[in-house]
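Report on the structure given below.
The values are calculated or read from the model by the stated rules, or taken from the named source; none is laboratory data. Since the model is a prediction, treat every value here as computed from it, not as a measurement. Glycine gets a Cβ as well: all are built from the backbone with ideal geometry, and neighbour counts include every protein chain shown. Only protein heavy atoms, including side chains, enter the accessible area calculation; ligands, DNA and RNA are left aside. Shrake-Rupley method; radii C 1.70, N 1.55, O 1.52, S 1.80 Å.
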Amino acid sequence: MTAAILLFGFFGLLALGLPVAIALAGASIIFALVDGSIPLLAIVHRMVGGVDSFPLLCVPFFIFAGMLMNSSGITERIYDFAVAAVGWMKGGLGQVNVVGSVVFAGMSGTAVGDAAGLGTIEVRAMRAHGYDPKFAVGITAASSMLGPLLPPSLPLVIYGVSANASIGQLFAAGIVPGLLLASCLMVMVWWYARRHGYGADAKFRLYELGRSLARGILPLLTPVLIIGGMRFGLFTPTEGAICAVAYALFLGVIVYRTLGFRAICKVSFETVEVTATILLIVAASEIFGWLLTTTRVSEQVVGWVLAITEQKWLILLIANVFLLLVGLAIEPLPAILILVPIMLPVMESIGVDPIHFGLIMVLNLCIGLLTPPVGIVLFILARVGGISFEEAARGVMPFMVPLVGVLLLCTYVPEIVMYLPTKWYR
């Protein structure tokens, strides 16, 4: 009965067009009123407690750092370096697309940030060089998935807070899968380019590579600063986010002088807006998750799943399919906050490490950003590429093969995910 009121209340309010945060809080309040044993003041306390978290401080700082990098013209330096490094390969600008996303992922932390920042430059450049717009949009959308995997990943931060897991370990867990996905996408680009007659888009010149590296070395060091600092215990993820902001300001204001007072103010207001939206969802989901836990819905779900099957591989398969379906309708951040209290106990009951499951959940849900009806990354890139949403969806379909392939490898070969967290933190 509890689960029915909460879930039907949430999806009912969502169907009426209410924002996710309002739907979560509304469903919780409806349950409290129906149940009668939970004072409404307790809901207010849970909302405040949900955002009273030190690790959550890294959310606005990582967002701010990414926006500062994007506004200071650093994306063009990253793009030039990627062209010099891999533009000579078959399907040149497609390869540049992937390598550029690997670097930019260390600054944006989200798929949408990658698509809206570096992605717009990449799609326009590929169209200007005669690439099929559907292919340009498809590979750009697929490579944007590196943002949520490679540190500093915003979805992994939200998962870590919700699951009470180490954010440092989650960041480490995303490195190998992220690089594996990048390698698979580059192979896919090579195959597609060979099949459709796309060649290189730049000649390899050592001088040009050195020049672009010199121009971009300081922004390229951003991921090294964040990952290295956490790896050697110099700072926590939250302190690392603050360092990233200071470094971005140093580059934009002092080194490149592309950030003025007005630009910083504009970026600050945008950061506040995005952060407020995220924290409101976090606060509302805290009530929702608390009710699921205190009313023992999570224990009931564990019992239901284990009554169906106790085979670990089958439960993982069911979890993957379920998360992919959820990703079709709900964006990753609210989906993580809603599902962690329900699914994590099931995973722990069959011996899946919370760090391992966090990576699986984030990758599953972020794939939903590339598929209708939500597909926000496709909406952004379809507009940039000048094609319809349906054409963009067809363009990304071939790249679902490496995405789903890496997802299954990470699911059933946990060593891929757990190697660095185990080596660095345990």
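Condition first: surrounded by fewer than 20 Cβ atoms within 10 Å (Cβ to Cβ) and not in a loop (DSSP other than H, G, I, E, B). Can you find one or more residues in the stretch 357-375 that meet it?
no
Give me the residue from the stretch 311-331 that is of a type outside the set (A, V, I, L, M), open to solvent by 10 Å² or more (accessible area, probe 1.4 Å) and part of a helix (DSSP H, G or I) and, out of that set, nearest to residue 156 (Cα to Cα).
322
State the number of residues belonging to the stretch 79-100 that are in contact with a Phe, Trp or Tyr (Cβ under 6 Å, 6 or more places away or on another chain) and surrounded by 23 or more Cβ atoms within 10 Å (Cβ to Cβ).
2
Name every residue in the stretch 377-426 that is basic (Lys, Arg) and either within 19 Å of residue 124 (Cα to Cα) or buried (at least 16 other Cβ atoms within 10 Å of the Cβ) (or both), in order of residue number.
383, 394
Does residue 289 qualify as being in contact (Cβ under 8 Å) with a residue 24 or more places away in the chain, on the phi < 0 side of the Ramachandran plot and either open to solvent by less than 60 Å² (accessible area, probe 1.4 Å) or of a type outside the set (Lys, Arg) (or both)?
Answer is yes for this residue.
Could you tell me whether any residue of the stretch 386-394 is touching a residue at least 24 places away in the same chain (Cβ under 8 Å), under 16 Å from the mean Cα position of the chain (by Cα), outside any helix (DSSP H, G or I) and farther than 30 Å from residue 236 by Cβ?
No, the stretch 386-394 has no match at all.
With the requirement that a residue be more than 19 Å from the chain's Cα centre (by Cα) and not aromatic (Phe, Trp, Tyr), what does the stretch 402-419 give you?
413, 414, 415 - these are the residues of the stretch 402-419 that are more than 19 Å from the chain's Cα centre (by Cα) and not aromatic (Phe, Trp, Tyr).
Among the residues of the stretch 166-189, which ones are in contact with a Leu (Cβ under 9 Å, 6 or more places away or on another chain) and either closer than 19 Å to residue 237 by Cβ or basic (Lys, Arg) (or both)?
167, 169, 170, 171, 172, 173, 174, 175, 176, 177, 178
I need every pair where a residue in the stretch 228-249 that is part of a helix (DSSP H, G or I) has its Cβ under 9 Å from the Cβ of a residue that is among the charged types (D, E, K, R) and open to solvent by 50 Å² or more (accessible area, probe 1.4 Å), sequence separation at least 6 or different chains.
Listed pairs, sorted by first residue: 229/239; 230/239.
Among 269, 261, 250, which is the only one that is under 26 Å from residue 337 (Cα atoms), modelled with pLDDT of 85 or more and more than 20 Å from the chain's Cα centre (by Cα)?
Answer to the selection: 269.
Among the residues of the stretch 9-42 satisfying the criterion of being part of a helix (DSSP H, G or I) and of a type in the set (Val, Ile, Thr), which is surrounded by the most Cβ atoms within 10 Å (Cβ to Cβ)?
Going through the qualifying residues, I end up with 20.
Residues checked against (1) among the hydroxyl-bearing types (Ser, Thr, Tyr); (2) at pLDDT below 80; (3) under 22 Å from the mean Cα position of the chain (by Cα); (4) not in a helix (DSSP H, G or I):
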| site | (1), (2), (3), (4) |
| --- | --- |
| 67 | no, no, yes, no |
| 90 | no, no, no, yes |
| 98 | no, no, yes, no |
| 106 | no, yes, yes, no |
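Tell me, please, whether a residue that is without any contact (Cβ under 8 Å) to a residue 60 or more places away in the chain, over 15 Å from the mean Cα position of the chain (by Cα), closer than 30 Å to residue 118 by Cβ and part of a helix (DSSP H, G or I) can be found in the stretch 334-342.
Looking through the stretch 334-342, at least one residue is without any contact (Cβ under 8 Å) to a residue 60 or more places away in the chain, over 15 Å from the mean Cα position of the chain (by Cα), closer than 30 Å to residue 118 by Cβ and part of a helix (DSSP H, G or I).
Considering only residues of the stretch 191-203 that are over 16 Å from residue 134 (Cα atoms) and in contact with a helix residue (DSSP H, G or I) (Cβ under 8 Å, 6 or more places away or on another chain), which is surrounded by the fewest Cβ atoms within 10 Å (Cβ to Cβ)?
199
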